[in-house]
Amino acid sequence: MDDAQLLETASELRVLVAKLRRRLAEQASPGDFTPSQIAVMSRLLNDGPATLTALAKVEAMRPQSMSAIIAVLQAEGVVEGRPDPTDGRQTILGLTDATRERVESSRVIKNDWLFRSIRARYSSAEQARLADGVVLLQRLLEP
């Protein structure tokens, strides 16, 4: 494959991934959250509880900006805080149990849609090729 073909493939992949994200969002919407709020919720879900300062650092934003995001998420009942057992001046933030359940339910719905769509649209051989493609795509995200 020459560079022009590779560039076209890269462009098509970017568009495809964006369309897939939108389709998955249609299946089980997380609500009316901003991309920044979703990023914080994802971080707390995947990495576990954290302080506001740690969240701001990992998301590359000012603590004041993170504070505004957390305030909205707390008001919505998505995030809760508890005192840091090692430093009483800090608050450890985490997702509420209800939010975790809602996120898990959303994941199940999205996975089910993908499963049913793949099973219905692809032959067994194509399903195997798709699985190989997923492995290749995962390598794009490796350090």
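Brief remarks follow.
- Any hit, region 50-64, residues being under 22 Å from N111 (Cα atoms), in contact with a helix residue (DSSP H, G or I) (Cβ under 6 Å, 6 or more places away or on another chain), assigned to a helix (DSSP H, G or I) and of a type outside the set (V, I, T): no
- In region 84-117, residue nearest to D47 (Cα to Cα) [restricted to those that are open to solvent by 50 Å² or more (accessible area, probe 1.4 Å) and over 20 Å from the mean Cα position of the chain (by Cα)]: T91
- Selection count where residues are over 21 Å from L141 (Cα atoms), part of a helix (DSSP H, G or I) and not charged (D, E, K, R), scope region 1-49: 5
- Applying the set (1) in a strand (DSSP E or B); (2) at pLDDT below 95; (3) of a type outside the set (K, R) to G94 leaves exactly one unmet item: (2).
- Taking (1) acidic (D, E); (2) touching a helix residue (DSSP H, G or I) at 6+ places or on another chain (Cβ under 9 Å); (3) assigned to a helix (DSSP H, G or I) in turn, E101 satisfies each apart from (2).
The values are calculated or read from the model by the stated rules, or taken from the named source; none is laboratory data. Quick caveat, the model's predicted, so the values are computed rather than measured. Quick reminder, even Gly has a Cβ in these numbers, built from the backbone with ideal geometry, and neighbours come from all protein chains shown. These area figures cover heavy atoms from the full protein model, side chains too; ligands, DNA and RNA do not enter into them. Shrake-Rupley method; radii C 1.70, N 1.55, O 1.52, S 1.80 Å.
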